[in-house]
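Engineer: Below: one structure in structure tokens.
What follows is calculated from the coordinates using simple rules that are stated; it is not laboratory data. The structure displayed is predicted, hence computed values, not measured ones. So basically every Cβ, Gly included, is an ideal-geometry build from the backbone, and we count neighbours across all protein chains shown.
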Amino acid sequence: MRSEPVPNADCEHCTAGDEPDIEFTFAFQPIVDMASRTIFSYEALVRGPRNEPAAWVLGQVTDANRYRFDQACRVGAITLAARLGFDAHLNLNFMPNAVYQPELCIRSTFLAAEKCGFPIEQIIFEVVENDYLANSGRLVEIMSAYKRFGFVTALDDFGAGYRDLGLLAEFSPHLIKIDMQLLRGIDADPRRQAIVRGIVGMCRELEIEVVAEGVETFEEYTWLAAVGIDLFQGYLFARPAFEAAPTVDFDRFRNAAAAAPSRSIET
Ligand SMILES: [Ca+2]
């Protein structure tokens with residue numbers, strides 16, 4: 001629910017910057033809730049018009065068009081998700097260095113959601129902590145504002161950024177997505193298991209939901225489910241689908257625990 005009014009002024013960075021002459025669209029990859037066997041969300045992943053990879057699109061972003069491109073991405077993803085009839089959440093990746101003033105830069109997102117009838121509380125803003133911003137205080141400021149506006153917030157690639165823990169000391173996102181490098185082969189890797197158990201315990205205490213991203217094998221999934229993770233994303237469940245909502249074959253997982261080797265649960 002929105003607690004602050006929609007600002008009605010345009011941000012000067014959006015009106016003054018170059019019009020982004022970049023063609024783009026989206027692929028969508030689901031995040032599944034394996035406790036209820038439902039699709040929790042679809043993450044919008046930017047693509048070229050002929051399904052060119054994200055790097056093809058992002059390589060055309062410059063300092064001059066960054067603000068407008070970021071705005072256009074949000075509006076484009078919401079519009080396409082509404083057209084495809086999504087009834088789950090929608091994850092939007094955003095560029096924190098393309099947010100000048102959170103109150104102004106959010107305006108086109110509000111308007112697009114309103115126009116498409118897409119509920120604000122179903123929109124998840126996910127962001128990667130990285131070197132784009134000189135200090136994490138700026139990211140905390142932006143994420144706190146988005147939370148106040150009624151959006152769901154998520155910290156992406158958690159465990160890959162060296163300021164991730166510092167961020168959590170200042171701000172609780174609704175979700176964190178554990179970086180796939182920490183999860184790869186976790187069923188047979190005691191070092192990664194210790195780290196991920198720690199993250200899950202910490203998030204339980206801070207009341208932050210955990211998403212395991214980039215999960216590729218039944219063994220990884222089974223180990224992660226056993227430590228209490230319900231939300232998953234990765235090729236094991238569905239690959240991104242170009243301008244479409246991929247389906248997930250939940251029946252495959254009915255006997256996943258039995259199918260996985262026992263060493264994958266507790267080592
Ligand atoms: Ca992401």
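Engineer: For the range 106-182, what's the relative contact order in percent, using C-alpha pairs closer than 8 Å and at least 6 residues apart?
Structural biologist: Details: 88 pairs, mean separation 23.3, N = 77.
Worked out over the range 106-182, it gives 30 percent.
Engineer: Specify the angular offset, from 0 to 90 degrees and rounded to the nearest 10, of the alpha carbon long axis of helix 136-149 from the longest principal axis of the alpha carbons in the chain.
Structural biologist: Approximately 80 degrees, to the nearest 10.
Engineer: Moving on to the next point. Roughly how tilted is helix 107-116, in degrees to the nearest 10 and between 0 and 90, from the longest Cα axis of the chain?
Structural biologist: 70
Engineer: Of all DSSP beta bridges in the chain, what percent run antiparallel (nearest 5)?
Structural biologist: Working: 13 of 34 bridges.
Expressed as a percentage, antiparallel bridges in the chain total about 40.
Engineer: Compute for the range 12-246: radius of gyration divided by Kirkwood radius, i.e. Rg/Rh, restricted to C-alpha atoms, rounded to two decimals.
Structural biologist: Working: Rg = 17.4 Å, Rh = 18.2 Å.
That ratio is 0.95, to two decimals.
Engineer: For a quick protection proxy, order the peptides 103-109, 224-230 by their average other-Cβ count within 10 Å, most packed first. Write out the running numbers ahead of the final one.
Structural biologist: On the way: 103-109: 20.6, 224-230: 18.3.
Highest mean packing first, the order is 103-109, 224-230.
Engineer: Explain nothing, just the number: relative contact order of the range 58-158, from Cα pairs under 8 Å at least 6 residues apart, as a whole percent. Could the numbers behind the result be given before it?
Structural biologist: On the way: 107 pairs, mean separation 28.8, N = 101.
RCO, the range 58-158: 29 percent.
Engineer: Packing-wise, with mean Cβ within 10 Å as the measure, how do 64-70, 247-253 rank, highest first? All intermediate terms of the calculation are to be shown ahead of the outcome.
Structural biologist: Numbers: 64-70: 20.4, 247-253: 12.9.
So the order, starting with the most tightly packed, is 64-70, 247-253.
Engineer: Related question: Give me the net charge of residue 75's neighbourhood, meaning all other residues with Cβ under 13 Å from the Cβ of residue 75; Lys, Arg count +1, Asp, Glu -1. Please list the in-between numbers first.
Structural biologist: Working: positive: 68, 74, 83, 107, 115; negative: 70, 114.
With Lys, Arg at +1 and Asp, Glu at -1, the net is +3.
Engineer: If you don't mind, another one. Under 12 Å from the Cβ of residue 245, count the other residues' Cβ atoms, weight Lys and Arg +1, Asp and Glu -1, and hand me the total. Mind showing how you got there, number by number?
Structural biologist: On the way: positive: 83; negative: 43, 87, 243.
Neighbour charge sum, excluding residue 245 itself: -2.
Engineer: Return P(r) of the range 106-243 (all Cα-Cα pairs; 10 Å bins starting at 0; whole %; ordered from short to long distances).
Structural biologist: Percent of pairs per bin, in order: 11, 38, 33, 16, 2.
Engineer: How tilted is helix 66-83 with respect to the longest principal axis of the chain? Cα atoms for both, answer in degrees (0 to 90, nearest 10).
Structural biologist: Roughly 60 degrees between the two axes.
Engineer: Also: Using the crude model of +1 on Lys and Arg Cβ and -1 on Asp and Glu Cβ, and no other charge, please compute the dipole size for the range 12-246 relative to its Cα centre, in debye to 20. Spell out each step's value before the answer.
Structural biologist: Details: 20 positive and 34 negative charges, 43 e Å.
Dipole magnitude for the range 12-246 comes out near 200 debye.
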